[in-house]
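K.L.:
The structure's right below; bear with me while I get my questions together.
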Amino acid sequence: QNILLRIPDMADLNENDVVLEIGTGTGGLTRLLAACAKQVFTVEVDKKLYELSSDILKLYKNVTLIHADILKTKHEINPEIPSLIRNWLKEHNQSHLKVVSNLPYNISTPVIINLLEGDLPISLMVLMLQNEITERLMAVPGTREYGVLSIITWLFSEVQVMKKLSPESFWPRPDVHSALVKIRVNREKFAGRITDYRFFKKIVYAIYTSRRKTLLNSLGGLNLPGVSRDCMKGIISNMHLDERVRGEVLNLDQLISLSEAMHTFSQKT
């Protein structure tokens, strides 16, 4: 409870803020958010918890409780939820949204990626996460934790660990350590540097779904039109990299440069 009481302050909530919470549970955090914010949209997939929280939160006129799964698929947020929120923001002349949530650990990675890549006007996220996910958010090139989640997080935001939490902080006690994380979203951070974001993601996924392969072999599996193996060797050489290097050591700037060079060649066909 002491930790929950601190979360609204970590999110710098005020009476003008609109909040999205994922995982209403019994409404403990929802009530604290509603006391500070203008409007709270809270999503709960479990029918029994939805019914329980509906009763608990019925007196809060600034809470919209949604019985749904936040994810339509692993790669897509349930479109009905962003649509509802965007319409409300437009009607009330609101320009931004904050996400504050004890995020269910089993969906943390796809939810964070999809929210960062999506078009909801998110300015800030304060999330309770499994410590393993936190380490991946902040991982640097060449480490075991560094991967797709790290790259997309660095691309669109800045991350700060606010507090680390031991299993003893919770009841019932989980088997994992947790952390409260603040993510400041800035989708313009690398604006203008990536010509085709889907192409960039294709390159990133090729590297990190075969991270034990060399960079050249990982990219070779894409079979991109106009980008021969010799062409890839030339691009890698121009970046002053050894073709035998593994792609997982490339930092964000190098990944962008690699993607842009390959995209240029692919467009010539």
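K.L.:
I need the peptides 149-156, 189-196, 137-144, 246-253 ranked by packing, meaning the mean over residues of other C-beta atoms within 10 angstrom, with the highest value on top. The partial results should precede the final answer.
P.N.:
Working: 149-156: 21.1, 189-196: 12.6, 137-144: 15.1, 246-253: 17.2.
Highest mean packing first, the order is 149-156, 246-253, 137-144, 189-196.
K.L.:
Just to check, using Stokes-Einstein with a Kirkwood Rh over alpha carbon pairs, what's the diffusion coefficient of region 9-94 at 37 °C and 0.692 mPa s in µm²/s?
P.N.:
247
K.L.:
Using the eigenvalues of the Cα gyration tensor, what equivalent ellipsoid semi-axes result for region 114-204 when each is taken as the square root of five times the eigenvalue, whole Å, largest first? Spell out each step's value before the answer.
P.N.:
Details: eigenvalues 152, 46, 21 Å².
Taking √(5λ) for each Cα gyration eigenvalue gives 28, 15, 10 Å.
K.L.:
Per-residue counts of other Cβ atoms within 10 Å, averaged by peptide: what ranking do you get for 126-135, 254-263, highest first?
P.N.:
For the peptides 126-135, 254-263, the packing ranking is 126-135, 254-263.
K.L.:
Find how much the distance from Asp196 to Asn238 grows on full extension, using 0.36 nm per residue of separation minus their present alpha carbon separation; answer in nm with one decimal.
P.N.:
Here the segment from Asp196 to Asn238 would lengthen by 13.0 nm.
K.L.:
Under a straight-distance cross-link criterion of Cα-Cα below 26 Å, which lysines are reachable from Lys74, leaving out those fewer than 8 residues away in the same chain?
P.N.:
In chain and number order, the partners are Lys47, Lys48, Lys98, Lys182, Lys189, Lys201, Lys202, Lys213.
K.L.:
Excluding Thr264 itself, what net charge comes from residues whose Cβ is under 15 Å from its Cβ, given Lys and Arg +1 and Asp and Glu -1?
P.N.:
+1
K.L.:
Rank by packing, highest mean first: peptides 77-87, 18-28, with packing defined as the count of other Cβ atoms within 10 Å averaged across residues.
P.N.:
Order by mean packing, descending: 18-28, 77-87.
K.L.:
With the full set of protein chains in place, find how many percent of the accessible area of the chain is carbon and sulfur; take the probe as 1.4 Å.
P.N.:
Answer for the chain is 49 percent, counting heavy atoms of protein chains only.
K.L.:
Per residue, how large is the accessible surface of the chain? Use a 1.4 angstrom probe and give square angstrom. Before the final figure, lay out each step's value.
P.N.:
Details: 13740 Å² over 269 residues.
For the chain, the solvent-accessible area averages 51 Å² per residue.
The values are calculated or read from the model by the stated rules, or taken from the named source; none is laboratory data. Owing to the predicted nature of the structure, the values given are computational and were not obtained by experimental measurement. Don't worry about glycine lacking a Cβ; one is built from the backbone with ideal geometry, like all the others, and counts go over all protein chains shown. Accessible surface areas use protein heavy atoms only, side chains included; no ligands, DNA or RNA. Shrake-Rupley method; radii C 1.70, N 1.55, O 1.52, S 1.80 Å.
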